[in-house]
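The values are calculated or read from the model by the stated rules, or taken from the named source; none is laboratory data. A quick note: this is a predicted structure, and the numbers were derived from the prediction, not measured. Here Cβ is always computed from backbone atoms with ideal geometry, including for glycine, and neighbour counts include all displayed protein chains.
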Amino acid sequence: MGRLLEQGKISSAQMGKMVFLAIVASAVTVVPSYTGKYAENDLWLSPFLASLIGFFTVYIAFALNRLYPQQTVIQYSTDIIGKVPGKIFGLLLLFFYVHMTGLIARGYAEFIIGNFLPQTPISVVILTMIAVCAYAVRAGLEVIGRTAQGFFLLFLFPLLLMPFLLQDMHFEFLFPMFERGLLPSVKGALIPQGYFSEVFLMSFLLPYVTNRDKSMRAGMLVILGIALLLTCINFFILLVFGRQAADYMYPVMVAFRYISIADFFENLDSVVMTVWILGMYVKISVFYYATVLGTSQWLELSDYRPIVIPIGMLIAALSFWSMPNLNEAGRFDIVAFPFYGPLMQTICPLLLLGFAYWRKKGKQQSQAQIAAVSGSAHSEKQEG
């Protein structure tokens, strides 16, 4: 049985809110643009198609946790495929998460500088966010869980402002539907499927959930909620911009600049940005925490807190080095991430699950053979 480095506990609802914000915080800003490039006026359907990989990933994470309830993926990988292969897989997975955390921090900084703080050095934006997240990670899982619970409804607040875009909506942009069949929507779903695969973060949190019997339901509701949210956002963006949605890097922020309430409340994009920053704080904290916890388990340390700052420095370094500019970041999101994310968070865990079931079946067959031999020997002894 793996040793639990984290002594804190969270509920399945808190876990769900953590994972929800960890996926959707960055997805809401770019998914409408990316899906619009391929799905055009059928972009509203792409998030639902992409959610299929999310549901599948939840099942994989939960099935693995059911076999190894007190361990994270870093720990049970060595039990499933052996110590050396398991360590290699764990190292690759940790590199993936530290790399992704750096990319997320860079994407956050590019968004802030490009839309609101153009004169601020990017290093200041990145380092301040990582420093705040490092404080949350050192405070432990319970603090991050309560933070996500507190920010969850605030993050959904901008949805209430969407109806004020009605005067700018053009329902004719919906048509013609499926002009070229389902293929454009399927192509548009390739990019958000990378975000949906991030639900595998559950595998780092499940050992610390108190009511684990409700975890599967919580995970499925998270994916359903994200699919509905992204579908609604894509739908509104389509009605406002039509096929031109793909021409904007951040169409959601542009749309909120259109909102005017009684000619008094305007420029509500600043309100949306404030709420979005809270979501990104939770997202980076969850990725950061998973990286720190997994690294401490891989190194077999007794406490994860001493490596919080070194991992934070590595995340900051990767955020500067991995992507030279915003164009390269966008290219990575479109070309690499749709396959990089599901490969590490869905396909590799699926292979782990297959090996785990194979080992379990082999063990049961061995035990049955031993029992049969033992029973045969016992009956022969009685006859003698």
Inset, instruction - Evaluate the range 277-294: report whether one residue or more is outside any loop (DSSP other than H, G, I, E, B), surrounded by fewer than 20 Cβ atoms within 10 Å (Cβ to Cβ) and at pLDDT below 95. - result: yes
Legend entry - Search result, residues across the range 4-34 that are in a helix (DSSP H, G or I), of a type in the set (A, V, I, L, M) and over 12 Å from Val209 (Cβ atoms): Leu21, Ala22, Ile23, Val24, Ala25, Ala27, Val28, Val30, Val31
Inset, instruction - Could you list all residues from the range 10-42 that are of a type in the set (Asp, Glu) and surrounded by 23 or more Cβ atoms within 10 Å (Cβ to Cβ)? - result: Asp42
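The rows are residues; the columns are (1) among the hydroxyl-bearing types (Ser, Thr, Tyr); (2) under 24 Å from Thr274 (Cβ atoms).
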| site | (1), (2) |
| --- | --- |
| Lys9 | no, no |
| Ser12 | yes, no |
| Leu21 | no, yes |
| Val24 | no, yes |
| Ala27 | no, yes |
| Val31 | no, yes |
| Asp42 | no, no |
| Pro47 | no, no |
| Leu52 | no, no |
Inset, instruction - Filter the range 295-306 for residues that are under 16 Å from Val73 (Cα atoms) and part of a helix (DSSP H, G or I) and give the result. - result: Thr295, Ser296, Gln297, Trp298
Inset, instruction - Starting from the range 70-88, take each residue that is touching a residue at least 60 places away in the same chain (Cβ under 8 Å) and list its partners that are loosely packed, with under 14 Cβ neighbours inside 10 Å and hydrophobic (A, V, I, L, M, F, W, C), counting only C-beta distances under 7 angstrom and pairs at least six apart or across chains. - result: Gln70/Met1
Inset, instruction - Tell me, yes or no, whether the range 70-92 has at least one residue that is of a type in the set (Ser, Thr, Tyr), in contact with a Ser or Thr (Cβ under 8 Å, 6 or more places away or on another chain) and within 25 Å of Asp213 (Cβ to Cβ). - result: yes
Inset, instruction - Considering only residues that are surrounded by 19 or more Cβ atoms within 10 Å (Cβ to Cβ) and not aromatic (Phe, Trp, Tyr), look in the range 332-344 and name the one that is nearest to Asn65 (Cα to Cα). - result: Met344
Inset, instruction - Note down all Cβ pairs under 8 Å where the first residue falls in the range 296-311 and is acidic (Asp, Glu), the second is part of a loop (DSSP other than H, G, I, E, B), and they're at least six residues apart or on different chains. - result: Asp303/Leu5
Legend entry - Unique match (being modelled with pLDDT of 95 or more and crowded, with 17+ Cβ neighbours inside 10 Å) among Ile309, Ile315, Ile347: Ile315
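Residues are listed down the side, and each one gets a yes or a no for (1) under 30 Å from Ala189 (Cβ atoms); (2) acidic (Asp, Glu); (3) touching a Ser or Thr at 6+ places or on another chain (Cβ under 7 Å):
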{"residue": "Thr295", "(1), (2), (3)": "no, no, no"}
{"residue": "Trp298", "(1), (2), (3)": "no, no, no"}
{"residue": "Ser302", "(1), (2), (3)": "no, no, no"}
{"residue": "Leu318", "(1), (2), (3)": "yes, no, no"}
{"residue": "Asp333", "(1), (2), (3)": "yes, yes, no"}
{"residue": "Ala336", "(1), (2), (3)": "yes, no, no"}
